[in-house]
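The structure appears below as structure tokens.
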Amino acid sequence: MCRSLFWIFLLSLLCSFARNNKIRPAVVDEQLLWVSGQAGEVNTYRIPLLTFTPRGSLLAFAEARKMSFKDTGAKFIALKRSTDRGATWSPTSFIVDDGSMADGLNLGSVLVDEENGSVILIYTVCFHHYHCKRSNTMMIESLDDGYTWSAPLVCGHGTVAGDGVFCILSDDHGETWRYGAELKSIPYDQPKKDLDFDPDECQPVELNDGRIMVNIRNNKNYHCHCRMVACSLDGGESLPVEKLVFDHTLEDPAVAASALEKDGVLFFSNPASQQSRVNLTLRWSLNHGKSWVKNTLKIWPGPSGYSCLASLKMNKTEDNRYIYVIFEKGNREYYESIALVKVDLYSDQ
Ligand SMILES: *[C@@H]1O[C@H](CO)[C@@H](O)[C@H](O)[C@H]1NC(C)=O
Ligand SMILES: *[C@@H]1O[C@H](CO)[C@@H](O)[C@H](O)[C@H]1NC(C)=O
Ligand SMILES: *[C@@H]1O[C@H](CO)[C@@H](O)[C@H](O)[C@H]1NC(C)=O
């Protein structure tokens with residue numbers, strides 16, 4: 001279940017429970033799912049998302065940018081599926097094609113409705129108002145484990161008025177959506193300067209005590225070159241600014257990062273650097289993010305950008321052991337490829 005672009009999506013999550021603090025993560029498998037700049041219609045793959053499905057598959061998504069590496073421009077949404085815990089992946093299918101839009105689609109978030117088994121993908125079009133006026137938030141839904149997808153539905157007009165983190169909430173399995181909590185930028189809806197308060201791409205995590213923790217990109221490095229963390233005690237209706245925390249351990253170059261709670265352990269991935277997008281690192285916390293275990297797992301020391309964490313939960317023996325990290329990886333630029341690693345959490349057992 002993964003983050004991104006300025007919203008939080010809330011659906012029920014299974015609760016987990018504290019289990020084991022002998023975590024010793026190690027990468028046991030790595031694959032490149034997409035490589036940019038190859039023959040065909042795609043110039044650059046970026047913005048990876050990863051999710052489990054209720055039937056135990058993994059779905060990997062990315063923006064397939066047709067003409068250039070830029071955030072604007074026309075794109076496909078690329079999908080690969082794995083039904084064997086990440087060992088092999090299907091060929092790419094392009095599940096959405098925005099044609100030749102000047103300001104085409106941008107991936108937002110993927111979420112799983114565990115009550116009824118559907119997978120929902122949220123994205124935007126015309127996010128940057130580049131040669132277009134109205135932004136739309138779109139969703140597509142799969143009821144069959146990611147094989148087929150609904151036609152795009154508009155689930156909101158406008159994206160974000162003036163920067164910040166905004167929740168959209170659904171209490172009816174994605175039929176209808178409304179706005180929930182917001183954490184607005186300062187100065188709001190005005191051009192930003194360095195060191196302004198500019199909460200950007202975020203990752204919500206439902207903790208096992210019911211709190212929703214939101215780990216946020218601190219886009220202009222307000223107060224620190226590190227992550228901001230907000231918390232909702234009312235199911236995403238509010239994100240009190242009084243409770244906002246700057247997590248100095250989570251140094252960050254202003255990027256979309258990922259978090260995941262599994263069996264009471266909170267995991268976090270980002271390019272762990274204050275200056276640049278390098279050093280893709282996995283951290284873990286045994287106390288819901290109050291502090292982080294000193295040991296870390298460096299997944300890739302070179303250029304690395306956006307990342308997303310997921311884990312399966314069908315088979316307790318097998319799936320309790322592993323988490324998966326999808327991330328932008330390169331040798332010279334972080335957007336050269338999209339890699340997926342499988343991490344064994346108990347590598348010494
Ligand atoms: C889940 O709920 C949504 C919204 O009510 C509905 O469209 C969808 O068909 C449901 N999924 C399944 C697998 O029944
Ligand atoms: C990457 O990590 C290494 C140590 O593991 C550190 O020496 C280096 O400064 C980091 N790079 C950046 C740009 O932060
Ligand atoms: C669960 O995983 C274990 C370890 O790989 C395997 O031996 C077992 O058969 C699996 N059980 C089921 C029900 O798939």
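Computed quantities for the displayed model
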{"quantity": "Dipole moment magnitude, nearest 20 debye, the chain about Cα centre, only Lys, Arg, Asp, Glu C-beta charged", "calculated": "940"}
{"quantity": "Entries of Lys262/Lys342; Lys298/Lys342; Lys70/Lys184; Lys66/Lys342; Lys290/Lys313 with Cα pairs more than 20 Å apart", "calculated": "Lys70/Lys184; Lys66/Lys342; Lys290/Lys313"}
{"quantity": "Order of Arg217, Arg178 - criterion: other Cβ atoms within 10 Å of each residue's Cβ, fewest first", "calculated": "Arg178, Arg217"}
{"quantity": "Intensity falloff of the chain expressed as log10 I(q)/I(0), Debye formula with alpha-carbon point scatterers, at q = 0.07, 0.10, 0.14 Å⁻¹", "calculated": "-0.25, -0.54, -1.17"}
{"quantity": "³J(HN,Hα), Karplus 6.51/-1.76/1.60, whole Hz, each residue of region 263-269, x for Gly, Pro", "calculated": "6, x, 9, 9, 10, 9, 10"}
{"quantity": "Percent antiparallel among DSSP beta bridges (both partners in the chain, rounded to 5)", "calculated": "95"}
{"quantity": "Relative contact order %, region 301-347, counting alpha carbon pairs below 8 Å whose residues are six or more apart", "calculated": "38"}
{"quantity": "Long-range HN-HN contacts of Asn219 with modeled amide H, under 5 Å", "calculated": "Asp198, Asp200"}
{"quantity": "Residue among Leu345, Ile186, Cys308 farthest towards the positive dipole end of the chain, charges placed on Cβ", "calculated": "Leu345"}
{"quantity": "Share of alpha-carbon pairs per 10 Å distance bin for region 121-223, given as whole %", "calculated": "13, 36, 36, 13, 2"}
{"quantity": "Rg [Å, one decimal], Dmax [Å, integer] - region 100-156, C-alpha atoms", "calculated": "12.7, 40"}
{"quantity": "Rounded if a/c under 1.5, otherwise prolate or oblate - region 38-197, Cα gyration tensor axes", "calculated": "oblate"}
{"quantity": "Relative compactness, region 232-349, computed as alpha-carbon Rg over 2.2 N^0.38 Å", "calculated": "1.12"}
{"quantity": "HN-Hα J in Hz across region 287-298 - Karplus 6.51, -1.76, 1.60, θ = phi - 60°, x for Gly and Pro", "calculated": "9, 6, x, 4, 8, 10, 4, 5, 4, 9, 10, 7"}
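The numbers here are math on the coordinates, done by the rules we state, and not lab data. For clarity, every value in this text was computed on a predicted model and none was experimentally measured. Don't worry about glycine lacking a Cβ; one is built from the backbone with ideal geometry, like all the others, and counts go over all protein chains shown.
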